[in-house]
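Participant: Quick one: structure below, then a few questions.
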Amino acid sequence: MTAQRTVYDVRKTQVSIEEVWHERGPRRTQPLLIGTALAVINNPYAGRYEPDLMPFQAGLRDLGRQLARTLCERLGGRDTIEAYGKGAIVGGDGELEHGAVWHEAGGAAIREVIAQAKAIVPAAKTVGAVGTRLMVPLGHIEAAYVRSHFGTAEMTIWDAPRGDEIVFGLVMATGGRTHARIGGLSVDAISVHDGQR
């Protein structure tokens, strides 16, 4: 028996780039770029319980790759990315587990596009109404303990998710927090290259 592919339709996408020059301290010579790439899709399981979400998860991998490639390109290429994360906002006719499929689909895609990525891809998900704001955590792509790269990126779309939709998003940054100064593992001290230290 062949696994059935879940069909979904992308209603709209959004790419947003934020430039941070300073946080009331010394001005940077180049801005920190924080980007989000979002897609609004119909939720094929809105209003009903589906016991097997694995085909849906597998079917989203191409969407993840597309968002990751687009965002990398807009931020200057994969070699410029130092932090990342992922998020999902499920409309009210869905359930939180419909957003959880993005852990594998979005995470695998972002790692495929950013080859040197070893650390866990931080994530946030929620069920919400149109215009819901989700703060997605950021972490360093190569080591989870780099405190300077703990940050957030906001994902929101003014007219989504409608009740039968899901917003899936990837977030990336070209560096850590501007004026980071609370210690911890520094980027130049990453040595194990296993995603931890």
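Participant: Would you compute, for the Cα atoms of region 38-103, the largest minus smallest coordinate along each principal axis and list the three values in descending order, in whole Å?
Facilitator: That works out to 42, 21, 17 Å along the principal axes.
Participant: Say each of GLU19 and TRP158 gets a label point 7 Å from the Cα, pointing the same way as Cα to Cβ; how far apart are those two points in nm?
Facilitator: Going by the 7 Å Cα→Cβ label model, 2.3 nm.
Participant: Next question. Can you tell me the accessible area per residue over the chain, all protein chains present, probe 1.4 angstrom, in square angstrom?
Facilitator: I get 51 Å² per residue for this part.
Participant: Treating only the Cα positions of region 1-160 as identical point scatterers, give the base-10 log of I(q)/I(0) from the Debye formula at each q in 0.10, 0.11, 0.14, 0.15 Å⁻¹.
Facilitator: -0.38, -0.46, -0.72, -0.83
Participant: Moving on to the next point. Go through 26-33, 90-97 and give me the packing order, highest mean Cβ count within 10 Å leading. Display every interim value, and only then the final one.
Facilitator: Values: 26-33: 12.8, 90-97: 18.6.
Highest to lowest by the protection proxy: 90-97, 26-33.
Participant: To the nearest 500 deg cm²/dmol, what mean residue ellipticity at 222 nm is calculated for the chain from DSSP H runs of n ≥ 4 alone, each contributing -39,500 (n - 2.57), summed and divided by the residues? Mind showing how you got there, number by number?
Facilitator: Working: 4 runs with 37 residues, N = 197.
Here the helix-only value at 222 nm equals -5500 deg cm²/dmol.
Participant: Tell me, what HN-Hα J-couplings in whole Hz come from the Karplus equation 6.51 cos²θ - 1.76 cosθ + 1.60 at θ = phi - 60° for each residue of region 36-43, using x for Gly and Pro?
Facilitator: Residue by residue, region 36-43 yields 10, 10, 10, 9, 9, 10, 6, 8 Hz.
Participant: While we're looking at this one, here's another question. Can you work out ³J(HN,Hα) from phi for every residue in region 92-108, in order, using Karplus 6.51 cos²θ - 1.76 cosθ + 1.60 and θ = phi - 60°, giving whole Hz and x for Gly and Pro?
Facilitator: For region 92-108, the Karplus-derived couplings read x, 8, x, 10, 4, 5, 5, x, 5, 4, 6, 4, 7, 5, x, x, 5 Hz, x marking Gly and Pro.
Participant: Quick one: ranking ARG24, ARG69 by accessible area, 1.4 Å probe, largest first, what do you get?
Facilitator: On the way: ARG24 230, ARG69 130 Å².
Largest to smallest exposure gives the sequence ARG24, ARG69.
Participant: Nothing charged except the Cβ atoms of Lys and Arg (+1) and of Asp and Glu (-1): what's the magnitude of the dipole of region 54-189 about its Cα centre? Round to the nearest 20 debye. If you can, show how the numbers build up before the last one.
Facilitator: Numbers: 14 positive and 15 negative charges, 88 e Å.
My answer is approximately 420 debye.
Participant: Over the chain, what percent of the accessible surface lies on carbon and sulfur atoms, probe 1.4 Å?
Facilitator: Values: 4860 of 9980 Å².
Within the chain, the accessible surface is 49 percent carbon and sulfur.
Participant: Measure nothing fancy, just the Cα-based angle from helix 61-74's long axis to the longest principal axis of the chain, in degrees from 0 to 90, nearest 10.
Facilitator: 30
Participant: For the ranges 181-187, 70-76, 52-58, 171-177, what's the packing order if you count other beta-carbon atoms within 10 Å of each residue, average per peptide, and put the highest first? Don't jump to the answer; show the numbers that get you there.
Facilitator: Values: 181-187: 11.6, 70-76: 17.6, 52-58: 15.4, 171-177: 24.1.
Sorting 181-187, 70-76, 52-58, 171-177 by mean packing, highest first, produces 171-177, 70-76, 52-58, 181-187.
Participant: In addition: Among HIS22, HIS149, HIS140, whose mean-square fluctuation peaks in a Gaussian network model of the chain (Cα, cutoff 10 Å)?
Facilitator: In the Gaussian network model the winner is HIS22.
The values are calculated or read from the model by the stated rules, or taken from the named source; none is laboratory data. Treat the numbers as computed from the prediction; the structure is a model and nothing was measured. All Cβ positions, even for glycine, are placed from backbone atoms using ideal geometry, and neighbour counts span all protein chains on display. Surface areas here come from the heavy atoms of the whole protein model, side chains and all, with no ligands, DNA or RNA. Shrake-Rupley method; radii C 1.70, N 1.55, O 1.52, S 1.80 Å.
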